[in-house]
Structures are given as structure tokens and as C-alpha cells.
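Asker: My questions will all concern the structure given below.
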Amino acid sequence: MDFAYDAKTEELRGKLLAFMDSHVHPAEAVLERQLHDAADPWQRQPVLDELKAEARRQGLWNLFLPDAEHGGGLTNLQYAPLAEITGRSPHLAPEALNCAAPDTGNMEVLAMFGTDEQKKQWLQPLLDGEIRSAFCMTEPDVASSDATNIATRIERDGDDYVINGRKWWSSGAMNPNCAIFIVMGKTDPGADRHRQQSQILVPRDTPGVTIEREMRVFGYGDHAHGGHAEIVFDDVRVPATNLIAGEGEGFAIAQARLGPGRIHHCMRLIGMAERALELMCRRAVSRVAFGKPIATQGVVQEWIAEARVRIEQARLLVLKTAWLMDTVGNKGAHTEIQAIKIGTPLMTEWVLDKAIQAHGAGGVSQDTPLAELWVAARTLRLADGPDEVHRMSLAKRELKKYL
């Protein structure tokens with residue numbers, strides 16, 4: 001395993017670091033002001049359009065997609081340090097580079113499984129940043145961590161499918177620029193439990209689609225992902241050609257989608273932890289309490305040292321996972337994908353907690369990004385599968401060797 005950055009990665013890292021310093025970080029305060037003044041907080045703000053145009057001009061666009069025909073053509077190992085850098089401003093940088101969830105996962109699904117017509121109608125506008133999308137899988141009335149529980153029905157009726165069900169935490173759906181939903185539901189409840197589900201494309205403006213309400217993360221909105229919505233599908237009728245891959249393929253598509261999505265989250269989490277550690281160190285050397293900088297306090301030094309150790313451990317495991325995905329495929333990296341999904345959010349949450357503590361009351365205020373970053377890290381212990389499900393699955397894989 002060689003995790004040294006190759007020439008292409010180094011070139012892109014240099015460009016991206018410069019872009020973050022010159023454009024993204026200065027834009028954070030601008031975005032906050034524009035959101036505060038906006039009549040519709042979900043409408044894309046002007047500063048984001050400016051960032052997108054500049055990122056595209058610099059060639060920092062669609063880097064996440066390994067398919068060279070549609071995306072950056074980078075391996076997971078090449079993309080990892082770039083995603084880490086965007087994680088330092090996770091509510092702005094990923095979208096500026098057209099590398100934000102849930103669009104990334106949806107573009108991957110369409111690139112891998114979409115028909116030529118589906119790619120032309122939906123993938124290309126997403127790649128161009130003209131529209132956004134949502135992924136509708138989680139439901140309020142079932143334990144959606146087990147995807148086979150999904151209750152939404154997708155029933156064939158002549159040349160159409162009819163969809164009925166209720167989804168929530170559908171990321172991206174509050175954004176008025178969100179034009180297409182990928183909906184997961186059951187086409188055959190009597191089939192094998194992993195062949196009951198299918199995924200289908202539903203345009204947002206289809207009759208019968210109702211956005212019921214915004215779902216608020218820890219009581220607050222999440223503008224970075226275009227919001228999360230509760231959506232009702234009431235006799236929603238779409239052409240049969242909107243089905244992705246075929247009936248019964250929904251579970252397999254979801255697994256193919258979630259593998260890269262999970263590692264992308266973990267890559268960005270490393271960047272979030274790095275920014276938290278930097279802020280903690282700056283605070284520690286500048287804040288005086290009881291007559292001396294708090295950096296001289298043993299407990300603060302312990303936090304800083306432990307943070308560095310935990311970040312380095314997590315980064316190495318993420319890089320190993322990326323390398324395995326590149327060399328033996330997502331299935332061969334299954335154990336490591338689950339391990340980073342368990343460990344990286346916990347690590348980042350811990351570092352952020354200590355950084356917040358070092359900042360005192362300011363750490364929970366809007367004057368630093370720490371509180372917002374903590375919310376994002378804590379949420380990722382649920383998104384893409386809760387910790388407990390990954391622990392259970394990982395333990396079973398380990399025990400299988402001895403049974």
C-alpha cells in the first residue's frame with residue numbers, strides 16, 4: 001500500500017487549497033449574510049453561483065466521479081485528499097465543486113445504471129450543475145436502517161408505474177432547483193427480501209408529489225444539502241421507462257450507491273476534524289485564563305495531542321479503504337468501509353467537542369463554524385446507516401471466520 005500523492009493529485013491539491021483560501025473561506029460569511037437576508041432561504045444564493053463558475057473555470061468540477069467520461073476520472077485514493085480539503089468547509093465547498101450529496105450518489109447511480117435517455121435527461125444537467133436532485137429512501141414508519149423494510153409501493157400499470165408512500169429526510173428536496181427524485185420502493189413484496197425493491201426516477205413536478213415539510217437537523221435547517229424534506233407520493237404516475245436498471249434491482253443499486261457515499265463522507269470528516277484542531281490550537285495560544293494561555297494547561301495539551309493521534313489513525317484507515325476500493329472493488333473493501341463509517345464520525349465528533357470546550361461559550365455560538373460542524377458530524381452517525389447496524393454487520397463478518 002502506497003499512499004503517497006501522485007503528480008495529478010498534488011496538482012489538484014495545490015489548486016484546491018488555493019481556491020479554498022481565495023474563494024471558499026471568504027465566502028462563508030457572505031453566504032451567511034445572504035441566507036439571513038433571503039426571502040427564500042432554500043433558493044441558491046448568488047455567492048454559490050459565483051463559486052461554481054470559478055471552480056468550473058479552474059477545472060475543480062465533478063472530481064468525485066471516477067468515470068472519466070462524465071467526471072474527473074480520479075481513483076478513490078486520488079480523490080480522498082481532495083474531499084478532505086472540501087471538508088474544511090462542508091456546507092459550501094462540496095457544492096461549489098459539484099461534489100455534494102445527494103447529487104454525487106444520484107449521479108453515480110445514473111452513470112452506472114441509467115439508460116442513455118435517463119443520462120441525457122437527468123445525468124447531464126446534474127453534471128453541468130443546472131439542476132439538483134434528491135434521494136428518497138428513508139421512511140418515518142419503518143426502521144429504514146434495514147432497507148428491506150421499505151414500505152413505499154411502486155406498482156406497474158400498463159406503460160406506467162404508480163407510486164404510493166411517504167418518505168422523510170429526503171436530502172436536497174427543499175431546494176427549488178431540485179428537479180428529480182430517485183425513489184426507492186417495493187415492486188414485488190412477495191419476492192426474496194433483497195429482490196423486492198426497485199428505484200425509479202420521479203420528476204419533482206409530477207402530480208401527486210407533495211412536499212409536506214422541512215425536516216430540521218437538531219432543530220435547525222441544513223442549507224448545504226438543499227434541506228431535508230418529508231414527501232408524500234399519492235398515486236404518482238410516471239412512465240415505466242423511468243425505472244432504473246430493472247425490477248428488483250433497488251437493493252443492489254442502493255448498496256452500490258452507499259459504498260462511495262460513505263467513504264466520501266469520511267474523507268470530508270477528516271477535513272472537518274483538521275479545521276477543528278486548527279481552531280482549537282489558535283484559541284489555546286491566544287486565550288488567557290488565570291494569568292496564562294490555556295495552551296499551558298495540561299488538559300488542553302492532552303486534547304490537542306489526542307486529537308492529532310485520532311485524526312492520523314482515521315486518515316490512514318480511510319486511505320486504506322480507498323486503496324482497497326480501487327484495487328479489489330467495493331465488495332472487497334466492505335469491512336473497511338464499515339470500519340471507517342463507525343470510527344470517523346466518532347473521531348470528528350470528539351475533536352469538535354474538545355474544540356468547542358476550548359472556545360467556551362463562543363464554541364456553541366455562530367461566531368465559529370464549530371457548532372455547525374459538530375451537528376454535521378453527529379448526524380453522520382445516523383446517515384448512510386446507524387453505527388449499531390454497521391457494528392452488527394462487522395461483528396458478523398469477523399465471527400464468520402470462527403463458525
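Asker: Are any residues in the stretch 146-167 modelled with pLDDT of 95 or more, out of contact with any Ser or Thr (no Cβ under 6 Å at 6 or more places or on another chain) and not in a loop (DSSP other than H, G, I, E, B), and if so, which ones?
Answerer: Answer for the stretch 146-167, where residues must be modelled with pLDDT of 95 or more, out of contact with any Ser or Thr (no Cβ under 6 Å at 6 or more places or on another chain) and not in a loop (DSSP other than H, G, I, E, B): ARG153, GLU155, ARG156, ASP157, ASP160, TYR161, VAL162, ILE163, ASN164, ARG166, LYS167.
Asker: Another one. Pick out the one residue from ALA39, ALA27, ALA7 that is at pLDDT below 95 and of a type in the set (Gly, Ala, Ser). Explain how you work it out, then say what you get.
Answerer: Working: ALA27 fails: at pLDDT below 95; ALA7 fails: at pLDDT below 95.
Going through ALA39, ALA27, ALA7 in turn, the sole match is ALA39.
Asker: Moving on. Quick check on the stretch 175-209: of everything there that is within 22 Å of the chain's Cα centre (by Cα) and in a loop (DSSP other than H, G, I, E, B), which residue is surrounded by the most Cβ atoms within 10 Å (Cβ to Cβ)?
Answerer: It comes out as ASN175.
Asker: Let me ask something additional. Of all the residues that make up the stretch 222-245, how many are touching a helix residue (DSSP H, G or I) at 6+ places or on another chain (Cβ under 9 Å) and either among the aliphatic types (A, V, I, L, M) or assigned to a loop (DSSP other than H, G, I, E, B) (or both)?
Answerer: Here is the first cut: in the stretch 222-245, the residues touching a helix residue (DSSP H, G or I) at 6+ places or on another chain (Cβ under 9 Å) are 222-226, 241-242, 244-245.
The next check asks that each one be either among the aliphatic types (A, V, I, L, M) or assigned to a loop (DSSP other than H, G, I, E, B) (or both); those that pass are 222, 224, 226, 244-245.
Looking only at that region, the number is 5.
Asker: If a residue must be farther than 19 Å from LEU63 by Cα and hydrophobic (A, V, I, L, M, F, W, C), how many such residues does the stretch 122-147 contain? I'd like the intermediate steps shown before the answer.
Answerer: Quick first cut of the stretch 122-147, residues farther than 19 Å from LEU63 by Cα only: 134-147.
Still in the list and also hydrophobic (A, V, I, L, M, F, W, C): 134-137, 142-143, 147.
Here the count works out to 7.
Asker: I'd like the full set of residues that are touching a Phe, Trp or Tyr at 6+ places or on another chain (Cβ under 7 Å) and either of a type outside the set (A, V, I, L, M, F, W, C) or over 30 Å from GLN34 (Cα atoms) (or both), limited to the stretch 196-222. Talk me through it step by step, then tell me what you get.
Answerer: At the first step, the residues of the stretch 196-222 found to be touching a Phe, Trp or Tyr at 6+ places or on another chain (Cβ under 7 Å) are 197, 200-202, 204, 208-209, 215.
GLN197, ILE200, LEU201, VAL202, ARG204, GLY208 - these are the residues of the stretch 196-222 that are touching a Phe, Trp or Tyr at 6+ places or on another chain (Cβ under 7 Å) and either of a type outside the set (A, V, I, L, M, F, W, C) or over 30 Å from GLN34 (Cα atoms) (or both).
Residue by residue, here is whether (1) in contact (Cβ under 8 Å) with a residue 12 or more places away in the chain; (2) closer than 19 Å to ILE211 by Cβ; (3) out of contact with any helix residue (DSSP H, G or I) (no Cβ under 8 Å at 6 or more places or on another chain) holds:
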position	(1), (2), (3)
GLU108	yes, no, no
ILE154	yes, no, yes
ASP159	yes, no, no
VAL162	yes, no, yes
TRP169	yes, yes, yes
GLY172	yes, yes, no
PHE181	yes, yes, yes
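Asker: Related question: If you take the residues in the stretch 50-70 that are surrounded by 19 or more Cβ atoms within 10 Å (Cβ to Cβ) and at pLDDT below 95, which one is farthest from GLY129 (Cα to Cα)?
Answerer: For the stretch 50-70, the residue satisfying everything is PRO66.
Asker: Which ones in the stretch 3-49 are outside any helix (DSSP H, G or I), free of Cβ contacts under 8 Å to residues at least 40 places away in the same chain and either among the acidic types (Asp, Glu) or exposed (fewer than 14 other Cβ atoms within 10 Å of the Cβ) (or both)?
Answerer: Of the residues in the stretch 3-49, the ones outside any helix (DSSP H, G or I) are 3-6, 38-45.
Adding the requirement that they be free of Cβ contacts under 8 Å to residues at least 40 places away in the same chain leaves 4, 38-39, 45.
ALA4, ALA39 - these are the residues of the stretch 3-49 that are outside any helix (DSSP H, G or I), free of Cβ contacts under 8 Å to residues at least 40 places away in the same chain and either among the acidic types (Asp, Glu) or exposed (fewer than 14 other Cβ atoms within 10 Å of the Cβ) (or both).
Asker: Given (1) under 19 Å from LEU317 (Cα atoms); (2) polar (S, T, N, Q); (3) without any contact (Cβ under 8 Å) to a residue 60 or more places away in the chain, where does THR348 come up short, assuming only one miss?
Answerer: The single condition THR348 does not satisfy is (3).
Asker: Within the stretch 111-131, identify whether any single residue is surrounded by fewer than 21 Cβ atoms within 10 Å (Cβ to Cβ), assigned to a strand (DSSP E or B) and touching a strand residue (DSSP E or B) at 6+ places or on another chain (Cβ under 9 Å), and answer yes or no.
Answerer: No, that holds for no residue.
Asker: Now a separate question. For the structure I just gave you, tell me whether LEU394 is over 20 Å from ALA307 (Cβ atoms), modelled with pLDDT of 95 or more and part of a helix (DSSP H, G or I).
Answerer: Numbers: over 20 Å from ALA307 (Cβ atoms): yes; modelled with pLDDT of 95 or more: yes; part of a helix (DSSP H, G or I): yes.
Yes; evaluated as a whole, the condition is true for this residue.
The values are calculated or read from the model by the stated rules, or taken from the named source; none is laboratory data. Treat the numbers as computed from the prediction; the structure is a model and nothing was measured. Here Cβ is always computed from backbone atoms with ideal geometry, including for glycine, and neighbour counts include all displayed protein chains.
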